[in-house]
Amino acid sequence: MFHNIPKAIKERMSYLEKLSQKQNKENTPPMQRLRQIPPETGKFLALLAASAPEGTYLEIGTSGGYSALWIALACMKLDRKLTTFEIIEEKARFAHETFERAGVDRYIELVQGDAREYLDSYKDVSFCFLDAEKEVYEDCYEKVVSNMVSGGILVADNVISHKEILDNMVQYVLDDMRVDALVVPIGSGELVCQKL
């Protein structure tokens, strides 16, 4: 996957990385800023997504579409489709442009709205990346894990960088008998769960 990333995807990833750095330097307000994972987390997600069992792929929190591009590499390899949710209309429009320019729109379905209103209808979830507002993590986790296939993988971002907010949720997941879970110290900290 990483040795033959299509040129259009590489170019859009590079553009998003530079834009994100610029916004951070300029202190762009949080709701307008692209919130994206570092490249090493993207590679980690792509590897996990490529090893997930057959089923539904979800992402909760699209932002500019950067993490979805990494997951799309696995979708392209396996001929699967990712459904990604973005609640902020402006970011959803920008992500749509990302997917078109990167040439991955046939592998990604973008839903503009609150993922919690849709998640109950997605069954046989085999992979999910959760990277939204932290106060929705527990609700999203419950909805996804309840509909997950055995061996399915859920990854939640920012569990180290936002430890004070997410600590109770992380402990709940680590104790959840439905999954095997651990925290991986990559990027902002990834909570990785596999459905039993």
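Coordinate-derived values only; no laboratory data. The model shown is predicted, which means the values in this text are computed figures rather than measured ones. For neighbour counting, all protein chains shown are included, and Cβ atoms are generated from backbone atoms with ideal geometry for every residue, glycine included.
Quick notes on this one:
- Residues 94, 85, ranked from the fewest to the most other C-beta atoms within 10 Å, line up as 94, 85.
- With all pairs of separate Cα atoms included, the chain yields a Kirkwood hydrodynamic radius of 16.6 Å.
- Residue order, fewest to most surrounding Cβ atoms within 10 angstrom, among 66, 172, 122, 107: 172, 122, 107, 66
- For the chain, leaving out every one of the GluC sites (Glu not before Pro) that falls in a DSSP loop and has at most 16 other Cβ atoms within 10 Å, the longest unbroken run is 55-132.
- Percent RCO, i.e. relative contact order, over segment 7-195, from Cα pairs under 8 Å lying at least 6 residues apart: 20 percent
- Counted by neighbouring Cβ atoms within 10 Å, the residues 71, 37 run from fewest to most as 37, 71.
- 25 Å Cα-Cα threshold exceeded, pairs from 81/143; 18/77; 123/195: 18/77
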